[in-house]
Amino acid sequence: MIVMKLVGAANGQPTPFDGQYLKAFDFEAEGGRGLIDMTPDVNQARMFNDMAAALYFYNRQPKIKPFREDGMRNSPLTATNWSFEHFNGECDICHKPGPNPCDDCMPGIINDNSEASNEPSTD
Ligand SMILES: [Zn+2]
């Protein structure tokens, strides 16, 4: 499986979603500018069967507005830089389904977006 991870804007500027994964993209929203849904959890990421499928999605043009005012292709996702990463669906260390390595095997990774108190138990 392939997942798409955001690296930054095409002009090299960072974005608030850098390092997060593409969860969904509504190409027809916002008059063809598109509406993105990101997730920090790779398990929630949109999964593509292979690189060709991921690139097809990346280059896709909204039906509502396939071309920009200047005549260039309107492909909203190409306005941002993406890393196409393989996702094999399980932890290499414990073989539990999920991200690799999983949270248990990489306890240092904390989800910054988590507001709830999620203190690890001491036992
Ligand atoms: Zn693991």
Original post:
Quick one: putting +1 on the C-beta of Lys and Arg, -1 on the C-beta of Asp and Glu, what dipole do you get for the range 2-87 around its Cα centre, in Debye to the nearest 20?
Top reply: 200
Original post:
For the range 81-87, in order, what is each residue's ³J(HN,Hα) by Karplus, 6.51 cos²θ - 1.76 cosθ + 1.60 with θ = phi - 60°, in whole Hz (x at glycine and Pro)?
Top reply: 8, 10, 9, 8, 10, 6, 10
Original post:
How far is it, in nm, from the label point at Asp103 to the one at Asp50 when both lie 7 Å from their Cα along the line to the Cβ?
Top reply: 3.4
Original post:
Helix-derived [θ] at 222 nm for the chain: sum -39500 (n - 2.57) over DSSP H runs of at least 4, divide by residue count, nearest 500?
Top reply: -1500 deg cm²/dmol
Original post:
Which of the lysines could a cross-linker bridge to Lys65, judged by Cα under 26 Å and excluding same-chain residues fewer than eight apart?
Top reply: Lys5, Lys23
Original post:
Based only on Cα atoms, what Rg/Rh ratio does the range 35-96 have, Rh being taken as Kirkwood's radius?
Top reply: 1.09
Subject >> FRET efficiency for Phe57 and Cys94, using Cβ-Cβ distance with R0 set to 41 Å, rounded to 0.05 >> reply: 0.85
Original post:
If you take the square roots of the eigenvalues of the alpha-carbon gyration tensor of the chain and sort them as a ≥ b ≥ c, do you get rounded (a/c under 1.5), prolate (a/b over b/c) or oblate?
Top reply: prolate
**OP:** Enumerate the amide H contacts of Thr80 below 5 Å, restricted to partners 5 or more residues apart or on another chain; note that Pro and chain-start residues carry no placed amide H.
**Re:** Ala10
Original post:
How much length, in nm to one decimal, is gained on full extension between Glu69 and Asp18, taken as 0.36 nm per residue of separation minus their Cα-Cα distance?
Top reply: 15.5 nm
Original post:
Amide H to amide H under 5 Å from Cys91: which residues, 5+ apart in sequence or cross-chain, H placed 1.01 Å off N in plane?
Top reply: Lys96, Gly98
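Values in this text are rule-based calculations from the coordinates and carry no lab data. These figures come from a predicted structure and were not determined experimentally. Every residue, glycine among them, receives a Cβ derived from its backbone with ideal geometry; neighbour counts consider all protein chains shown.
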